[in-house]
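We did not get these values from a lab; they are worked out from the coordinates using the rules stated. Everything quoted here is computed from the prediction, not taken from an experiment. Positions of Cβ are generated from backbone atoms using ideal geometry, with glycine treated the same way; all protein chains shown enter the neighbour counts.
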Ligand code: F6R
Ligand code: ZN
């Protein structure tokens, strides 16, 4: 008997690129990241159209129990001394978690609780990151190649960027030739 089958979408694990129809892509450029980087003068000096990262996603149905699958491709580079990074967010539905898988490049996943406690996980090819609920997350590319990470998250999770308007508690810089994290002073 011939087995009836549906050809599922595919992902090239070396790059995170999908093979599927109707891939959704979103590009985030320097000009979109107002107030994200520490050195405002260096950020202004960068052309606003500079691509910082791209997300490609498979289309998914909406609703409780459904999942999104997407890859973030974060370019290498710095704004002043600070490494390129994603905007970062809490999920609108705070209790919803997410899983990231490192595919290529090297960097950091910055995780932060609602109480402002921040920590890092090293992202590299094959790394698995279980982001718990109630935890803000941001990718930082500390390497010289594109950092790509595959993510799976509930479609109902949503994004809350506004709650991080003050930014994360830690920033990552290249300082005297070394990758260094610094606490952020507010006020
Ligand atoms: C989805 C998720 C990732 C990010 C992507 C871009 O919940 O965590 O797909 O959306 O890495 O980062 P943001 O959304 O912070 O601009
Ligand atoms: Zn997320």
Using only Cα atoms, locate the centre of the range 6-20 and the centre of the range 29-95, then give the distance between them in Å, rounded to an integer. 22 Å
Which ordering of 25, 86, 2, 155 is given by a fewest-first count of other beta-carbon atoms within 10 Å? 2, 25, 155, 86
Take the chain, connect every pair of alpha-carbon atoms lying under 10 Å apart with a spring to form a Gaussian network, then pick out the residue of 31, 65, 80 with the largest mean-square fluctuation. 65
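So what is the relative contact order for the range 37-187, in percent, with contacts set as C-alpha pairs under 8 Å and at least six apart?
On the way: 363 pairs, mean separation 43.2, N = 151.
It comes to 29 percent, rounded to a whole number.
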Fewest-first sequence of 127, 30, 15 by Cβ atoms within 10 Å of each Cβ: 15, 127, 30
Per the helix-only model, the chain has a calculated mean residue ellipticity at 222 nm (DSSP H runs of ≥4, -39500 (n - 2.57) each, divided over all residues, rounded to the nearest 500) of -500 deg cm²/dmol
Based on alpha-carbon positions alone, could you give the equivalent ellipsoid semi-axes of the range 9-107 from the gyration tensor, as √(5λ), descending, whole Å? 27, 17, 13
May I ask you to sort 130, 23, 3 by Cβ crowding, counting other Cβ atoms within 10 Å and putting the fewest first? 3, 130, 23
Please work out the Cα convex hull volume for the range 45-187 and give it in Å³ per residue. 123 Å³
Projected-area average for the range 91-153 over all orientations - Cα convex hull basis, square nanometres: 3.9 nm²
